[in-house]
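Trainee: Handing you this structure, nothing more for now.
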Amino acid sequence: MLRLLFFFVFLFSPNLLADTGLPVLTVETNEAGNQEYSVTLQILGLMTLLTFLPAIVMMMTSFIRVTVVFAILRQALGMQQTPSNQILIGLSLFLTLFIMSPVIEQVNADAIQPYVSETITATQALEAAQQPFSRFMLGQTRESDLILFMDLSATPALEEGQMPPFKVLVPAFIISELKTAFQIGFLLFIPFLIIDLVIASILMAMGMMMLSPLIISLPFKIMLFVLVDGWALVVGTLANSFT
């Protein structure tokens with residue numbers, strides 16, 4: 001709300017701080033013909049973009065696949081609240097940072113550092129930062145999902161080596177990540193489902209139909225998961241699935 005108030009003050013009162021000599025809203029045209037904005041306006045735009053940071057982290061990185069797989073794994077184990085949501089989200093964030101580190105390093109080298117050293121403009125830095133994320137998402141996106149959103153948006157066919165627009169690539173990437181996460185989750189469910197079926201059959205044969213099979217199978221599922229070093233297998237599989 002405060003940023004919105006500042007925005008309207010800057011927008012409708014450009015001469016508010018003119019007497020003090022502070023260039024609030026200045027637009028200059030450089031030698032190449034591009035427009036450069038004042039530092040104050042760039043900071044305002046940057047603070048506005050930070051509000052979209054959670055959406056960028058969740059929708060344009062490996063965060064989707066990791067969180068969905070962890071949620072399915074907890075459901076397959078039969079534990080509704082353990083590990084807690086805070087633990088799973090924290091683990092997903094650090095694992096996402098680990099998986100996305102090559103992309104982040106490239107963005108830092110191609111966009112952030114040149115912009116800080118004032119060798120490129122803010123617009124050029126934004127375009128340079130977009131390229132590594134586009135290549136990452138395109139590498140994880142199924143062709144069928146990409147074609148689906150291209151048809152829905154009436155996007156013309158792409159030439160060889162041409163990147164699809166963000167409005168097509170991001171939703172196609174999200175759908176592909178959900179499909180991959182559900183496939184991994186299905187494979188995780190199978191061994192635990194077998195344990196549930198075996199325990200249920202044994203209880204039925206013993207005539208203990210009133211006893212819930214989940215109570216008996218839960219310790220066996222936890223023991224199986226610990227014996228096979230389940231967390232290392234799941235995390236390793238998720239990390240390798242992006243290479």
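The values are calculated or read from the model by the stated rules, or taken from the named source; none is laboratory data. Here the structure is a predicted model, which means the values were calculated and not measured. Reconstructed Cβ throughout: ideal geometry from the backbone, glycine too, with neighbour counts over all protein chains shown. Side chains included, ligands, DNA and RNA excluded: accessible areas come from the protein's heavy atoms. Shrake-Rupley method; radii C 1.70, N 1.55, O 1.52, S 1.80 Å.
Trainee: Among the candidates T141, T155, T180, single out the residue that is farther than 21 Å from V68 by Cα and touching a residue at least 12 places away in the same chain (Cβ under 8 Å).
Mentor: Just a single option satisfies the conditions, and that option is T155.
Trainee: Another question, then. Go through the residues of the range 221-229 one by one and say whether even a single one is open to solvent by 80 Å² or more (accessible area, probe 1.4 Å) and acidic (D, E).
Mentor: Looking through the range 221-229, at least one residue is open to solvent by 80 Å² or more (accessible area, probe 1.4 Å) and acidic (D, E).
Trainee: Scan the range 212-229 residue by residue and report those that are in contact (Cβ under 8 Å) with a residue 12 or more places away in the chain and of a type in the set (G, A, S).
Mentor: S217
Trainee: Looking at the structure I just gave you, is A157 among the small types (G, A, S) and either modelled with pLDDT under 80 or open to solvent by 30 Å² or more (accessible area, probe 1.4 Å) (or both)?
Mentor: yes
Trainee: Just checking, how many residues over the range 77-91 are under 23 Å from D196 (Cβ atoms), part of a helix (DSSP H, G or I) and either modelled with pLDDT of 85 or more or open to solvent by 90 Å² or more (accessible area, probe 1.4 Å) (or both)?
Mentor: Number satisfying all stated conditions: 1.
Trainee: Kindly establish whether F189 is closer than 30 Å to I215 by Cα and open to solvent by 60 Å² or more (accessible area, probe 1.4 Å).
Mentor: yes
Trainee: Taking the options I175, I199, name whichever one is modelled with pLDDT of 85 or more and either closer than 26 Å to F242 by Cβ or surrounded by 12 or more Cβ atoms within 10 Å (Cβ to Cβ) (or both).
Mentor: I175
Trainee: Determine whether M209 is surrounded by 13 or more Cβ atoms within 10 Å (Cβ to Cβ) and either in contact (Cβ under 8 Å) with a residue 24 or more places away in the chain or not in a helix (DSSP H, G or I) (or both).
Mentor: For M209, the condition - surrounded by 13 or more Cβ atoms within 10 Å (Cβ to Cβ) and either in contact (Cβ under 8 Å) with a residue 24 or more places away in the chain or not in a helix (DSSP H, G or I) (or both) - is not met.
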